[in-house]
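Enquirer: Can you keep this structure in mind? I'll have questions shortly.
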Amino acid sequence: RDDPTLYLLDAASARVIGRIVPQWPADIAQHAGRAINLAVHADGRFAIATGAGHLVALFGPQGAFLGRTAPQTYRYSNGLWWIGDALWTTDTNRFQLKRLDPANLAVVQTLTLPADAAARFLGPARRHPQTDDPMAALVRYQNGMTVGGVVVVSRDGHETLLAHAPFEPRDVAWLGEDVIATDGVTRQVLRWRADGTELARFGDAELTDRL
């Protein structure tokens, strides 16, 4: 929070091995330190969702500003992921997924998700590591963006709820074919199959104690 720097960590030790400072344009620089969701393309480009900035920005591998979405594209935006050269993003308060053209960040496809779910608003998202259907695991929040759940979303917008009582999902990821999510209340890492089957918590006793 309040630091626009991206820190590169060694995957084995978590030691900081580099830093990137995205070159935000002056008129949207106030959102840089609170933009906490990003997606990195295989070629090093990275996109950042600005949340309350209501836009997505694209940067080169060293942080050069490449472009941003048009005004009114989003009412808040939080989750985003790449599938090839397609950049998928969440329109948080419209309950939509929007696919962007990476050349100009124009919207080329929109999927509207169910708005009548108890957890309506769209949060962090992570793409499936091996396939584009299902596309991603996605956090859905209740009003307040704290309590919610996790769904797996397919290319046509169908959702599979990962059954669990409402919790405080902080982030979500894939572990092979399984989905894991951190819970801010119990400080556990919850785990499911993509079909919604709940599995044992991730981590051994030592990890659980440390969390």
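The values are calculated or read from the model by the stated rules, or taken from the named source; none is laboratory data. These numbers were taken from a predicted model, which means no experiment stands behind them. As a convention, Cβ positions derive from the backbone with ideal geometry for all residues, glycine included, and neighbour counts pool all protein chains shown. Heads up: the accessible areas ignore ligands, DNA and RNA and are worked out on the full protein's heavy atoms, side chains in. Shrake-Rupley method; radii C 1.70, N 1.55, O 1.52, S 1.80 Å.
Enquirer: Per 5 Å bin, what percent of the C-alpha pairs of the stretch 1-120 does each bin hold, from zero upward?
Expert: Each 5 Å bin holds this share of Cα pairs: 2, 11, 21, 23, 19, 12, 7, 4, 1.
Enquirer: Oh, and also: Which residue fluctuates the most in the chain, going by a Gaussian network model with Cα springs under 10 Å, if the choices are Asp156, Asp27, Asp101?
Expert: Comparing Asp156, Asp27, Asp101 in the GNM, the peak value goes to Asp27.
Enquirer: Using a Gaussian network model of the chain with C-alpha springs under 10 Å, which one of Thr112, Thr131, Thr89 is most mobile by mean-square fluctuation?
Expert: Top of the fluctuation ranking is Thr131.
Enquirer: For the chain, divide the Cα radius of gyration by the Kirkwood radius and give the resulting Rg/Rh value with two decimals.
Expert: Dividing the radius of gyration by the Kirkwood radius yields 0.95.
Enquirer: Note down the magnitude of the dipole of the stretch 75-211 about its Cα centre, charges +1 on Lys and Arg C-beta and -1 on Asp and Glu C-beta and zero elsewhere, to the nearest 20 debye.
Expert: Around 400 debye, computed over the stretch 75-211.
Enquirer: From the phi of every residue in the stretch 42-58, what ³J(HN,Hα) in whole Hz does the Karplus formula 6.51 cos²θ - 1.76 cosθ + 1.60 yield, where θ is phi - 60° and glycine or proline is x?
Expert: 4, 8, x, 4, 9, 10, 10, 8, 9, x, 5, x, 6, 7, 10, 10, 10
Enquirer: Any chance you could check the Cα centroid distance between the stretch 8-86 and the stretch 183-201 for me, in angstrom?
Expert: Spelled out, the Cα-based centre of one part sits 27 Å from the other.
Enquirer: If the only charges are +1 at each Lys and Arg Cβ and -1 at each Asp and Glu Cβ, what is the size of the charge dipole of the stretch 1-76 around the Cα centre, to the nearest 20 debye?
Expert: 100
Enquirer: How big is the accessible area of Arg155 in square angstrom, nearest 10, if you roll a 1.4 angstrom probe over the protein chains?
Expert: Surface open to solvent at Arg155 totals about 120 Å².
Enquirer: Please give the net charge around His41, taking every other residue with its beta carbon less than 12 angstrom from that of His41, where Lys and Arg add +1 and Asp and Glu add -1.
Expert: 0
Enquirer: A further question on this structure: Treat the stretch 154-211 as a sphere of radius equal to its Kirkwood radius over Cα pairs and apply Stokes-Einstein at 25 °C in a medium of 0.890 mPa s; give the translational diffusion coefficient in µm²/s, rounded to a whole number.
Expert: Rounded, D is 202 µm²/s.
Enquirer: Just read off the accessible area of Glu198 with the full protein assembly in place, 1.4 Å probe, to the nearest 10 Å².
Expert: Roughly 80 Å² of Glu198 is accessible to a 1.4 Å probe.
Enquirer: With a 1.4 Å probe and all protein chains in place, put Ser77, Ser13 in order of accessible area, largest first.
Expert: Order by accessible area, largest first: Ser13, Ser77.
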